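Below is one structure, written out as C-alpha cells, with a few remarks after it.
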Amino acid sequence: MFCKNFRFAFYALLSCVLAQPILAEEKASDLSKSIFRLGTLVVTAEGLDVADSPTPVDIVDEEEILKTGHNELGRVIQTLIPSFNFSSSTISDGTDSVRPATLRGMGPDQVLLLINGKRRHGSALIHVNTSVGRGTAGYDINAIPISAVKRIEVLRDGASALYGSDAIAGVINIILKDDYEGGAFTTSYGETYEGDGAHFITNLNKGFKIGDDGSLHVAVEFRDRQRTNRAGLMGDIQYPDTKTCKLGECPGGQLTNKEALLRQHSPNAVVILKDPENKERNINRNAFRIGDADSEQISGVFNFDKPIGSRSGLYSFGSFSRRENTSGGFYRRANQLDRNPEGSGYPDGFLPLIDTKVWDFSIGAGITHDFDNGLSTDLGVTHGGNVFNFKVKNSHNASWSYRKLNPQSFGKENDPFAQTDFTGATPTSADAGDLELYLTTVNLNFSMPLGETIELAWGGEYKRDNHKIKAGEPYSYADYDGITTGGGTGGIQVFPGFKPEDEVDESRHAFSVYSEASWTPYSRWLISPALRYERYSDFGNSLNGKISSKIDISEMLTLRGSVSSGFRAPSMQQLYFNNVSTQFNDQDGEQVAFEVGTFRNDSNIAKAIGIPELKEETSISWSGGFVFKPSPNFSVATDFYHVTVDDRIIISGQLERNGKGILTEVVQKALNAEGVGRAQFFMNAADTRTKGVDVVSSWNVPFVSRGALSLEFAGTISDTKITSVNLPAGLPGSLYTDQDRSILEDWQPDSHFRLSADYAIDRFAVWLALHRYGEYKVLDGQEQKYEAEFLTDVQLSCNLGWLGTVKVGANNLFDVKPDKNEIGQARGGKIIDTDGNVIVDSEGVFTYSRRSAPFGFNGGFYYLAYQRNL
C-alpha cells in the first residue's frame, strides 16, 4: 500500500512541476571558489577554476550530493564520479558491512582518503573472501554522514610524491561543513520496488558562532536500512531421513509411470521415495539472505575554526560512528551432519547470522600562522581508529553438539575440555573477536611565495600505525571433539572466532619529508615538481617524485600532464592478519564449504612453505589531457592515464590438505594442527598495468528563456591487465589462481558514463541522470560476461519557503538489474514425487552474482525526503 501511495505522490509532484508557469531565472554557477592543491595543504583561492590545476580534479558540492538521493557516501561518490566504483557482494562476511571502494579500476588500498586535507585511518577489515578487493584493506567511507559534508574533491592522478603511501590511483578529500550560520534538518524514507530494503534517515547539522569570528559546525545522523533479499529457492534435499533416487535410476517397481515421468522431467531430477511427515514438502525453501544486510548507524561530526588575532588560528575536527550490520551465511541443512549433528537443536537446519558492530572515530587539531614575510605554517595532529567486532548468532559449534550427543566417546587423560559442562541447552551465539586499526599522524607544513612566479611548499610527517586482533570466546573457535573426520566441525558455524594464538598487537612508525614547487615561468605556463622521502620501520625507505605541468595554448584551450612514481606500503592487516573462516568455493559446479586459514608471513607454516616477507608496491604513472573552454558556459576536460604497479600484494590461492605440490609432511602437520583444510597467504606476486581515459564536460545552457538548465557528461574507460606473475621461487603457479587474476582484471566495469540534466525554475527543480555501467566478467568455476546496463535516476524538489523543501525521487527508475547468474551456483535442483508432482525446481539460490555487482541487484528504489534549513 505504501509503495502505491508513494508512486502516486511521485507522479503528482511531477505533474506539479510540469504544470507550473515558467519564470526566467538564471541558475547560480559559483566558480568563484575552487580548490588548488599544493602539497598536503588545501588552498581556497578566489577566482580559480578547476582548469587551473595541472592534474585532473573533480569537485562535488553539497547541492550535487543531495540531488543523488543516496544516503551512503560511497554511493554518492559512485553516482557523481564515474571513475569511482563501489561494488556490492553478499555472503562475504565483513565485506557485507564495508564495501570495497576503488578509483580508476585499481585496488581499494591504492586510493588515499583525506578529511579536511588530513590522512584518514583505514578500516580494520581486510577482504579475504572472494570479492572485488580480495586481499586488500580500504576505508569505511560510509562512516562519514552525508549531512556533514560541504564538498568532495577527487584527485584522479598518482600522488604519492605529495601524500605518501596509498595514493597510487588518486586521492579523495572530504571537506566538512564549517560555517556558523548554516544548518538544516533532513529526514527521508524509501524502499525498493519489491517492498524491502526500507531506508529511514534523519539528520541535523547546525553552525554556531564562537566568539566574534570563530565557528563550530556539528552534524548528527541516524540511519536505518532494512535488508533486501533476492535469493532463489533451495532445490536440494534437506533431511537425512528422506529417501530419494535419481529419476533415471529409480527402481522400476516403485515408479509405475516411470516412462511418462522420464518424458516429462530430466533424468537428473531427484525423486522423493520417502518423505517422513512431509518435511521436504513443507520446509521454507526461501531461507537464504542474499542482498543488502540489515544496517543501523548513528554518527556525528564536528568542525571548529577560531582565528587568533589577524595571523593565527586554531582548528579541530572529529567524527564518531557506530554501525551494526546483520548478514547471513550459507544455510546449514539438517543433513549436513558434520555442521549440524542430529539432536543439536536445529532439526530443520539453520541460517547462521553475523552481527558486525563497527566503531569508528577520529579527532584532529592544529594551529596555523602567517608570518610577515609570507611564510604560512600548519601544525596538526590527528588520531583515529576503526574497531570491527564479530558476533555470530542463530548458530552453534557443531563439535560441542557432537560431543554433547556422544559423551561416551570422550574422556581421555589429556582432554582439555574434561571439566567443561556439556549439559543443558546448546549455546547458539558467540563473540568471535575484534579487529582494530589505529592511526596517529603529526604534520608540520610550510608554504611561501618567492616573488610573483614561484610558490614553495614543504613539510614533514610522522605516522604511527597500530593493528590489533582480539580473540573471541572459546565457544567461537574451540574444537571440542577433536575429531578430524566423522565428528562435528570445530568453531561456531559461519565465522569461527579468532583464537588466542591469532591475537595481534603490532605497530610501525614512518617518517617523511616532502617539498613541492609551483613555478610560472611565463604567464601561460605552470610547472610543478614534487619530491617525497619516506622511511618505514618495517620495510625501509621510499623516494618518490612527480612533475606536472599545464600550458594555456589560448583562452579556450589548456594542455596538462604529469609523470610520477609512487608506492604503497603493505597494510598492517596484510602483514599481521591471521584467522580461520568458512569459505565456499566452486567444486564441480557446486559451492562447497572449506575451513580456510589465512596465515601471516612470519608464521611457522608460511616459513615452512617459503613465503617471503612483504615489501612495498611501487608504481609509475603518467597522465595527459586537455581542457577546452570555448565559453564561460561550456567546458570539456579529457585526461588519458597509464599506471604500472610492480610487486602488487595479493592473497594467494589455497593450498589443500592432502594436496599435491610442495605440501611436505611439515606443512601437512601444520594444517592439521590449525584444524583447517586449506591455507592462504599474502605475498608480492603480480605486476599490473592500468590505462584509460576520463572525460568531464559541463554546459550551462544559455538559450533557455525561462529557468536555468545545466547539462553534464562524465565518463571513464579503464582496463587493467596483469603483465607478469612473479611468485617466489619454488612455489607452484596454483598459488595465484585464474580467479585471483580475474578479480584484478575483469570484476569491475570497463566503463561508466553519466549524462545528467539539472533544471530549476522558481521554487521547483528537476534532476535527471542516465548512467551506463559497462561490461564486466566474473570467473567462479566458469566465466560469465555481464552486459552493459543503463540506469536512470530522477529527483523532483519543491521549495515551500519557510516550511522547507520536499523532494521525491527514484534511483534506478526503470528497475534495471544485472544479468541473471549462470555460474557459481549453489543449492539448485529439481525435486519431484513418485507421481511427477514438482516440489521445487530451482537453478540455485544465487539469482544474481554474489561476487560482484557494480550497482547492486536490488532494482528500483523510491524515496521521499523533507529538508528545512535552520
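Quick notes on this one:
- Condition met for THR79 (open to solvent by less than 10 Å² (accessible area, probe 1.4 Å), within 19 Å of SER742 (Cβ to Cβ) and not acidic (Asp, Glu)): no
- Residue within the range 544-554 that is open to solvent by 20 Å² or more (accessible area, probe 1.4 Å) and within 30 Å of TYR477 (Cβ to Cβ) present: no
- Per the conditions (1) outside any strand (DSSP E or B); (2) within 24 Å of the chain's Cα centre (by Cα); (3) β-branched (Val, Ile, Thr), the sole criterion not satisfied by VAL693 is (1).
- Residue match in the range 515-531 (condition: under 29 Å from the mean Cα position of the chain (by Cα), at negative phi and either of a type in the set (D, E, K, R) or at pLDDT 95 or above (or both)): no
- Scanning the range 761-769 turns up at least one residue that is touching a Lys or Arg at 6+ places or on another chain (Cβ under 8 Å) and among the aromatic types (Phe, Trp, Tyr).
- Scanning the range 193-215 for residues that are outside any strand (DSSP E or B) and either free of Cβ contacts under 8 Å to residues at least 24 places away in the same chain or out of contact with any strand residue (DSSP E or B) (no Cβ under 8 Å at 6 or more places or on another chain) (or both) yields a count of 4.
- Against the numbered list (1) touching a Lys or Arg at 6+ places or on another chain (Cβ under 6 Å); (2) free of Cβ contacts under 8 Å to residues at least 40 places away in the same chain; (3) open to solvent by 40 Å² or more (accessible area, probe 1.4 Å), GLU277 comes up short only at (1).
- Those residues of the range 481-504 which are of a type in the set (A, V, I, L, M), in a loop (DSSP other than H, G, I, E, B) and surrounded by 24 or more Cβ atoms within 10 Å (Cβ to Cβ), in sequence order: VAL494
- Any strands (runs of 3 or more DSSP E) falling wholly within the range 805-870 and containing at least 1 residues that are under 30 Å from GLY253 (Cβ atoms) and of a type outside the set (A, V, I, L, M, F, W, C): 829-833, 838-842
- Subset of the range 200-247 [of a type outside the set (Gly, Ala, Ser), open to solvent by less than 30 Å² (accessible area, probe 1.4 Å) and under 30 Å from ALA865 (Cβ atoms)]: ILE201, ASN203, ASN205, HIS217, GLU221, ARG223, ARG225, THR228, ARG230
- GLY366 being open to solvent by less than 70 Å² (accessible area, probe 1.4 Å), under 30 Å from GLY487 (Cβ atoms) and touching a Lys or Arg at 6+ places or on another chain (Cβ under 9 Å): no
- Exactly one residue out of ASP835, ASP762, ASP780, ASP758 is of a type in the set (D, E, K, R) and under 24 Å from the mean Cα position of the chain (by Cα): that is ASP780.
- Here is the figure for the range 715-773: residues that are open to solvent by 10 Å² or more (accessible area, probe 1.4 Å), outside any strand (DSSP E or B) and not small (Gly, Ala, Ser) total 20.
- ASP96 vs. criteria among the acidic types (Asp, Glu) and surrounded by fewer than 24 Cβ atoms within 10 Å (Cβ to Cβ): no
- Positions within the range 165-192 being under 20 Å from the mean Cα position of the chain (by Cα) and either without any contact (Cβ under 8 Å) to a residue 60 or more places away in the chain or not in a loop (DSSP other than H, G, I, E, B) (or both), in sequence order: GLY170, VAL171, ILE172, ASN173, ILE174
- Among residues of the range 113-130, those that are in contact with a Lys or Arg (Cβ under 7 Å, 6 or more places away or on another chain) and assigned to a strand (DSSP E or B), counted: 2
- Being touching a Pro at 6+ places or on another chain (Cβ under 8 Å), assigned to a loop (DSSP other than H, G, I, E, B), of a type in the set (A, V, I, L, M, F, W, C) and under 19 Å from ALA826 (Cβ atoms) is not true of ALA287.
- Cross-chain or 6+ apart pairs with Cβ under 9 Å, the range 739-753 first and farther than 13 Å from ALA686 by Cβ, then part of a helix (DSSP H, G or I) and aromatic (Phe, Trp, Tyr): none
- Among the residues listed as TYR462, TYR438, the single one being of a type in the set (Phe, Trp, Tyr), at negative phi and either open to solvent by less than 50 Å² (accessible area, probe 1.4 Å) or in a loop (DSSP other than H, G, I, E, B) (or both): TYR438
- Lone qualifier among ASP835, ASP815 - being within 24 Å of THR716 (Cα to Cα) and open to solvent by 10 Å² or more (accessible area, probe 1.4 Å): ASP815
The values are calculated or read from the model by the stated rules, or taken from the named source; none is laboratory data. Owing to the predicted nature of the structure, the values given are computational and were not obtained by experimental measurement. For neighbour counting, all protein chains shown are included, and Cβ atoms are generated from backbone atoms with ideal geometry for every residue, glycine included. Protein only, heavy atoms only, side chains kept; ligands, DNA and RNA dropped before computing areas. Shrake-Rupley method; radii C 1.70, N 1.55, O 1.52, S 1.80 Å.
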